[in-house]
1. Round to the nearest 0.05 the FRET efficiency obtained for residue 201 and residue 13 when R0 = 41 Å and r is the Cβ-Cβ distance.
2. What FRET efficiency do you get for residue 172 and residue 339 if R0 is 51 Å and r is their Cβ-Cβ distance, rounded to the nearest 0.05?
3. If you roll a 1.4 Å probe over the range 1-107 with all protein chains in place, what percent of the accessible area is carbon or sulfur?
4. In the chain, what % of DSSP beta bridges are antiparallel (nearest 5)?
5. Based on DSSP H runs of at least 4 residues, each adding -39500 (n - 2.57), what is the mean residue ellipticity at 222 nm of the chain after dividing by all its residues, to the nearest 500 deg cm²/dmol?
6. Work out how much length residue 23 to residue 225 would gain on full extension: take 0.36 nm times their residue separation and subtract the Cα-Cα distance, in nm to one decimal.
7. Quick check on the range 186-337: of the DSSP beta bridges with both residues there, what percent are antiparallel, nearest 5%?
8. How much accessible surface does residue 39 have with a 1.4 Å probe, in Å² rounded to 10?
Amino acid sequence: MKTEIIAVGTELLLGQIANTNARFISEELAKLGIDVFWHTVVGDNPSRVKQAFRLAQTRADLIVFSGGLGPTMDDLTKETVAEVLGLEMVKDEDWEAFLEELFAKMGRSMTDNNRKQALLPKGARLLENDHGTAPGIWLEDNGKIVVLLPGPPRELEPLFRDKVVPLLPQGSCVILSRVLKVAGLGESALEEKIHDLVVEQTNPTIAPLAKYSEVHLRLTAKAESTEEAQKLLDNTEGKLLTRLGEAVFGRDEETMAMAVARLLWKRNLTFAAAESCTGGYLSHIMTNIAGSSDYFLQGQVTYSNRAKTDLLGINPVLIRDYGAVSEEVGRAMAENIRRRSAADVAVGITGVAGPTGGSDQKPVGLVFIALATPQGVSCRRFNFFGNRETIKERAVMAALNMLRLYLLNLNG
């Protein structure tokens, strides 16, 4: 079964909201083994909605609309679909009565534009919306299934799961996906290591997805059963882990911060951070994790030179001779916060996040990240690119990856 999802709404084209409905519907259909071949976004314009629907009729067996079912003048999806199919609009007396009762309970009178939400294309099946006033609609026409859903995700998602999914035919296979997350390797370097697998392997498929500070590998398997699909994913993941080793830090929803937190818990170690250019971002994401008080002791944002000397006790001579953005100051930040907090491990970050403040010797994106441990202090120099926010994010992810690799290779 080939599926097309058509999202209706000018706000989507303007970028005012993201098309999360298409993502949700695609994920749910994949669980049923139903392939989604096309995503279409069209504005609140009847002629363009007609064009999109007619094109979908030529190539898809299942067509799912989202949006355009509300009471306002620009909500014309069902009327447009009915016109294309040559169907008149008829009133669903039960839904109109439900709406009248609902408005009465709220102490409001129901206007005529709300009454239009009880109109359906003739022969359509009404799908009750338990979270809003616009019902979903199920239509079958010439062997095609057409589903119309309201746009708000809080209405669409439960309606799709509870009312649409039970009506859909089961796909011929199970489709499962898994995402492996990789750090410390750029997209090109990663591709070189696994090129043959990406090209030669068709089930599961392997798709690299570049992010700001990491690369994701999406594995997608098709099989006759969930168990068989899981086995295919496990086998391919094993091949990738053999190639990539410690560069793989997580799977699916696991973040770098969660991976580090898990290792700190496992090792029963504590952590502290001294940050300059990252402005407390490292401390923020590490304390966003429930139970972080088990491992996180202290975070200091020492943005100014005075803060570095007063709060961390860094020798002013180091700053004078080498500058605040230097390996020497980065090392001192990590070492001093570790000693003062009595943490097992600590990180120090200093750099130039931009867009101003750089020089020929110390350009925007230059960041020194130091890691202080019982074995000593190490420091790495990085040259990140991007805007201010991106540089801060990349610096924090690099710092966490340094800490993760240390914890992975810690004896005992």
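The values are calculated or read from the model by the stated rules, or taken from the named source; none is laboratory data. All of these numbers come straight from a predicted model, not from anything done at the bench. Because the Cβ atoms are built from the backbone with ideal geometry, glycine has one as well, and the counts that use them run over all protein chains shown. Just the protein is used for accessible areas: all its heavy atoms, side chains included, with ligands, DNA and RNA removed. Shrake-Rupley method; radii C 1.70, N 1.55, O 1.52, S 1.80 Å.
1. 0.65
2. Result of the calculation: an efficiency of 0.20.
3. 52 percent
4. In the chain, approximately 60 percent of DSSP beta bridges are antiparallel ones.
5. Taking each H run of at least 4 residues, the total per residue is -12000 deg cm²/dmol.
6. 70.4 nm
7. Looking only at bridges with both residues in the range 186-337, the antiparallel portion is about 55 percent.
8. 100 Å²
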